Amino acid sequence: MTTATKKKRPWGGANRKPLEQHLAEGTYRADRHGPIAESVLDYPKPAPNLKLSIKSALAWCRNDADRAAVQAGCRFDERLAAHAAGFFPRFLQHSKGQWAGQAFELLQWQRDLLIYPIFGWIRKDGTRRFRRAFVEVAKKNGKSTLASGIGLYLLVADGEPGAEVYSAASDRDQASIVHGEAIRMAEASAALSACLKINRSNRNILYEHTNSWYRALSNEPGGKEGLNIHACIIDELHVWHGRELWDTLRYGYRSRRQPLQFVITTAGDDDQSICYAELERARAIIRGDVRDHAYFGLVYEAQPEDDWLDESVWEKANPSLGSTFTVESLREDAEAAKGKAGDEAVFKRYSLNIWQRATNPWLSMDDWGKCERQYTLDEMAGMDCYAGLDLSRTRDMTALELVFPLEEDGRTIYRQWPIFWLPEAAVEQYKNRIDILGWQRSGALSLIGDSYADVEATIVDVSQRFNLIELAFDPMYARDLAEKLQNDHGIMMVEFPQTIMQFAGPTAEYERLLIHGALHHPGNAVLTWQAGNVNIKNDANANKRPVKPPGADYRKIDGIVAGIMALKRAMARQPQVSSEVFAVEW
């Protein structure tokens, strides 16, 4: 029989291996070897043991939160923990890099400090103790791969009928990272590929035996109401801006007996974000300041005061160091970041898991913290005062910064006093990103209507309480108000065009004074937030001016800009006389 006339035998030739052998050797493929008669994963989950002792549970306590949970009736079931941990090497393989094709053997920290606690602790009724988990670890420590494996376990091995499992992220591409890795691992597993139906086009992994699915979910337009979530895997929460998807997910778990929201992320650069709020909660629970038996926290991070070039510090944020990446690669990155403020910040954030306030930070928040002082406006009554006004457009923040020069211990120091306003119409735009209402309640910011009447009244009051020598303003938006303040109230107004040459001198002096502890501030929450947002722009002659972080229009710097404008007038000390309606500083 010629090659052309040979009949193709189904599922291999006469010498084909039995299907069982392919399964045992890990070479099974449904398209080559045919379907498995029973598309059910043979990995039954043990029933929880409700008769476990307190003594056995105490052996698994990591902190005071665990000990308090034991007193509240929680126990630790090692069989459940081992079932979850055993799923990884038995059914999963790595799909990338040097480990591609090898069984997913959990690292010690992944097994003992993450998988075992999350899946081993149970409540009195035998359901999972933890309903929310927050894990923060530096990049390249195997976050996404681990998260994908957890998602697959919750889909096929957690014993939940009709489970809805999601990989959630701020955008479609990010959501596809964890979910795409889950698809690759499922396809590489003979047992999983035999019992799962994978549709790459709509990013759905279906387990028909329990009518369960695993899908990617993003914050992009589309219906997300009515979710009945068994588990949600959230990778890189630090890039989420806004609360819409977060709040939608929050109430999607209620009808499940033991849901799990699993967050795993690297440090971010916005301490007004959801991620930072979750980090603070995790830290508080780990310290024992807050009791929440349902919340699991695991944070690997170096401290801001640590020497970032000390290799022993690197281990604090990198539990996989030496396994998923080498110390040599980290050493090379550290060497490349030396002497470059922006690169140093990036290294600290991504490699040491230290939160930064800007991607290319200008001000040291350590220096900022050291310059905080407790004082009131009443203490400065009658003193010389210089002011800077950054007047916004109609739906943005306005900042007035007062600067008072004082002599202290034989040197000139400056006290800042910020005043912020935001139009009420803009609250809805910002309230899910920054704590507008909290700032208002604390007095750090005032809400105003559509006019600048409150701003004008405040400036007039300042001129009456203090010796307001000059007020610098941006002529782009404040010219009309400046004319009124000078003509009607006799306030000396000085134009401050927003050019790099105008900013160069006072920007450098602002930084120098802060470093030397001579630029004080009262700890206003808005001003402190803005200090951490400031990036810097340099020209060819190394002149500097403050700028907002790129692409982050909600991270304001108005108070710092107004402070630099006021400082320049204070540095000059003598009013500029002009034949114009108001002085122009070029």
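The values are calculated or read from the model by the stated rules, or taken from the named source; none is laboratory data. Computed from a prediction, not measured in an experiment: that's the story for all the values here. Glycine also receives a Cβ, built like all others from the backbone with ideal geometry; neighbour counts cover every protein chain displayed.
Overview of results
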| quantity | calculated |
| --- | --- |
| The stretch 508-520 residues that are on the phi > 0 side of the Ramachandran plot, paired with ones that are crowded, with 20+ Cβ neighbours inside 10 Å (beta carbon under 9 Å, 6 or more apart) | Gly517/Cys371 |
| Residue list for the stretch 317-346, restricted to those being in contact with a helix residue (DSSP H, G or I) (Cβ under 8 Å, 6 or more places away or on another chain), under 18 Å from Gly268 (Cβ atoms) and at pLDDT below 90 | Asp343, Glu344, Val346 |
| Every residue from the stretch 141-166 that is closer than 18 Å to Leu114 by Cβ and either within 20 Å of the chain's Cα centre (by Cα) or not assigned by TED's automatic domain parsing to the domain that holds Lys197 (or both) | Asn141, Gly142, Lys143, Ser144, Thr145, Leu146, Ala147, Ser148 |
| Residue within the stretch 392-405 that is in a helix (DSSP H, G or I) and under 26 Å from the mean Cα position of the chain (by Cα) present | no |
| Top-ranked residue of the stretch 167-193 - restricted to ones that are among the hydroxyl-bearing types (Ser, Thr, Tyr) and in contact with a helix residue (DSSP H, G or I) (Cβ under 6 Å, 6 or more places away or on another chain), ranked as nearest to Lys143 (Cα to Cα) | Ser167 |
| Members of the stretch 458-481 that are at pLDDT below 95 and either aliphatic (A, V, I, L, M) or part of a loop (DSSP other than H, G, I, E, B) (or both) | Asp474, Met476, Ala478, Leu481 |
| Residues (part of a helix (DSSP H, G or I) and either on the phi > 0 side of the Ramachandran plot or not hydrophobic (A, V, I, L, M, F, W, C) (or both)) located in the stretch 300-328 | Glu311, Ser312, Glu315, Lys316, Glu328 |
| Hey, Leu352 surrounded by 21 or more Cβ atoms within 10 Å (Cβ to Cβ), of a type outside the set (Ser, Thr, Tyr) and closer than 30 Å to Met492 by Cβ or not | no |
| Count of the stretch 87-108 residues which are at pLDDT 95 or above and over 31 Å from the mean Cα position of the chain (by Cα) | 2 |
| Residues located in the stretch 366-395, provided they are small (Gly, Ala, Ser), touching a residue at least 12 places away in the same chain (Cβ under 8 Å) and surrounded by 11 or more Cβ atoms within 10 Å (Cβ to Cβ) | Ala387, Gly388, Ser392 |
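A quick yes/no check of all residues on (1) assigned to a helix (DSSP H, G or I); (2) surrounded by fewer than 20 Cβ atoms within 10 Å (Cβ to Cβ):
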{"site": "Phe130", "(1), (2)": "no, no"}
{"site": "Lys140", "(1), (2)": "no, yes"}
{"site": "Leu154", "(1), (2)": "yes, no"}
{"site": "Ser176", "(1), (2)": "yes, yes"}
{"site": "Ser201", "(1), (2)": "no, yes"}
{"site": "Leu206", "(1), (2)": "no, yes"}
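Residues checked against (1) at pLDDT below 95; (2) under 21 Å from Tyr207 (Cα atoms); (3) in contact with a strand residue (DSSP E or B) (Cβ under 7 Å, 6 or more places away or on another chain):
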{"site": "Pro46", "(1), (2), (3)": "no, yes, no"}
{"site": "Lys51", "(1), (2), (3)": "yes, no, no"}
{"site": "Lys55", "(1), (2), (3)": "yes, no, no"}
{"site": "Arg62", "(1), (2), (3)": "yes, no, no"}
{"site": "Ala65", "(1), (2), (3)": "yes, no, no"}
{"site": "Gly73", "(1), (2), (3)": "no, no, no"}
{"site": "Arg79", "(1), (2), (3)": "no, no, no"}
{"site": "Ala84", "(1), (2), (3)": "no, yes, no"}
